[in-house]
1. Any idea how many residues of region 19-71 are within 30 Å of residue 414 (Cα to Cα), touching a Lys or Arg at 6+ places or on another chain (Cβ under 7 Å) and in a strand (DSSP E or B)?
2. Could you please find all residues in region 164-201 being part of a helix (DSSP H, G or I), out of contact with any helix residue (DSSP H, G or I) (no Cβ under 7 Å at 6 or more places or on another chain) and surrounded by 19 or more Cβ atoms within 10 Å (Cβ to Cβ)?
3. Which residue pairs have Cβ atoms closer than 8 Å, lie 6 or more positions apart in sequence or on different chains, and pair a first residue in region 424-440 that is touching a residue at least 60 places away in the same chain (Cβ under 8 Å) and under 15 Å from residue 399 (Cα atoms) with a second residue that is among the aliphatic types (A, V, I, L, M) and not in a helix (DSSP H, G or I)?
4. Taking residue 195 and the conditions (1) within 20 Å of the chain's Cα centre (by Cα); (2) modelled with pLDDT under 95; (3) among the charged types (D, E, K, R), which numbered condition does it fall short on, given that it satisfies the others?
5. Suppose we filter region 78-122 for residues that are closer than 16 Å to residue 62 by Cβ and surrounded by 15 or more Cβ atoms within 10 Å (Cβ to Cβ); how many remain?
6. Please identify the pairs in which a residue from region 395-416 that is without any contact (Cβ under 8 Å) to a residue 24 or more places away in the chain and of a type in the set (Asp, Glu) has its Cβ atom under 8 Å from the Cβ atom of a residue that is part of a helix (DSSP H, G or I) and surrounded by 15 or more Cβ atoms within 10 Å (Cβ to Cβ), counting only partners at least 6 apart or on another chain.
7. Hey, which of the helices (runs of 4 or more DSSP H) in region 359-476, taking only ones fully inside, have at least 2 residues that are over 29 Å from residue 262 (Cβ atoms) and at pLDDT 95 or above?
8. Please identify the pairs in which a residue from region 46-66 that is over 13 Å from residue 188 (Cα atoms) has its Cβ atom under 7 Å from the Cβ atom of a residue that is surrounded by fewer than 20 Cβ atoms within 10 Å (Cβ to Cβ) and of a type in the set (Val, Ile, Thr), counting only partners at least 6 apart or on another chain.
Amino acid sequence: MGQQVDKDRYSEAEFARFGERLGEQLAELHELLARPGFGTGPATIGAEVELFLTTPDGHPLPRNQEVRDVAGDDRLTLELGRFNLEANLTPLPLAGRPFTALERELHEVVAKVDAAAAAEGGQVVAIGILPTLSELDFSHETMSDESRYRALSRGMRRLRVEPYRVRIHGAEKLELEVKGVILESANTSWQIHLRTAPGDFARVYNAAQLATGPVLAVSGNSPTFMGRRLWEETRIALFEESADDRDLERLGRRDRRVAFGSGWVESAEDLFAACVRDYEPILPMTSQEPQAPGSGQAPALAELRLHQGTVWQWNRPVYDPADGGHLRVEMRALPAGPTAVDMVANSAFLLGLTSALAVEPVEEFPFSSAYRNFYRAAIDGLDASLCWPGLQEDKPAAELALELLPVARAGLDRVGVQPEESERMLEIIRERVTRRRTGSVWQREALAAMDGDAARVVTRYRELALTGEPVHTWPR
């Protein structure tokens, strides 16, 4: 979705041509992945963080275009809502001290956005769902003024004319009906990209699917929406409901457009093919003439990449033509915030666990159990009852996470992360779990202590986040 879209209205003929190009590019991808040596090389990681812009008293500030212009930083892109910005961090090798580098750049870019926001009368907050959001914040006027988002909205309406009905039942219940996809802008996440050789892709992707459940359980930072206490990670339910393109004619399709998946995968190619087979295009922008054969550059596969960017699996395959072309596993389930070090520690746990599990036969574990883990973790967080390979019965997520920390440490050792780097990051997870202090726990307790005053909670949350100290150290 980071690609530039040149217009916001498309004809049926353009949708048809786009579909033809997708088929052609799947064939190109098949040939590319069969090429000896394609996409091999050292593992690298990248990251994206989505941020809220707020007023000084903690309410949404719909001025992302103005803030980006003031910041003047190419790492920043507009998100769907005018109160959101995304920052794309610099890719770097996984071996060595990647988490220190990630943390440093994350601090730097957030500070830069914050300074730019201050020039526009606002500030920045990294949080999964902003507690002060109200129904008034989700209208056509609050959508970013870019062709790609207008085209996205029209493309979704082409598939689904019925209103979106959001139903989330947690500690309280939320039932809401909206006409478009603008509710997607309520969610902000911290996304990790892991460059993966084609021959290893299925093992790494399946490992990430299994690892995501327990990591999500200890990373919650989105316990409320519109004044209601819902899931520990309400983003999961809200994003799935607010971007569900299945109208009455498509309800038979197994997965929503935002989904965890429905089985272990056998190759990256299978994932791309399923994306084309199961999901209709919503942004049919065709590129210029295909790249000439023999140019020595990897094919752009622009239509395939654009289409894949509009199907939001929680773990998603990415093809990138940069650096000779390569594949990545994009891990999308973790929330933004509370602090840079919290997000980076979550990444270390997820990447370490994924690396360790990638050498195990995770496919022997029932996929249905990994699926159940994911949603239980989103609903109940540290209290979720999770199953795991080798266990005879379910365990509380907090207990399982502590047992998995040495596994994650071994996985980080395996990919060359320096021991002191791993230890510092995983110790943050250990302390957070031991003290039972996730961002969601802090927010719920703060709301109770402040009599439900969401604006005061956001103001206090930001004060504590600015210290840079991990959330488990924050005062009650």
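1. The qualifying residues number 1.
2. Answer for region 164-201, where residues must be part of a helix (DSSP H, G or I), out of contact with any helix residue (DSSP H, G or I) (no Cβ under 7 Å at 6 or more places or on another chain) and surrounded by 19 or more Cβ atoms within 10 Å (Cβ to Cβ): just 185.
3. 429/218; 432/218; 433/218; 438/218
4. Of (1) within 20 Å of the chain's Cα centre (by Cα); (2) modelled with pLDDT under 95; (3) among the charged types (D, E, K, R), only one is false for residue 195: (2).
5. 14
6. If the second residue must be part of a helix (DSSP H, G or I) and surrounded by 15 or more Cβ atoms within 10 Å (Cβ to Cβ), the pairs left are 413/422.
7. Details: elements: 367-380, 397-414, 419-435, 439-449, 454-466.
Passing ranges, in order: 397-414, 419-435, 439-449, 454-466.
8. Short answer, once both residue conditions are applied: 57/459; 58/459; 61/55; 62/142.
The values are calculated or read from the model by the stated rules, or taken from the named source; none is laboratory data. These numbers come from a predicted model, not from an experiment. Don't worry about glycine lacking a Cβ; one is built from the backbone with ideal geometry, like all the others, and counts go over all protein chains shown.
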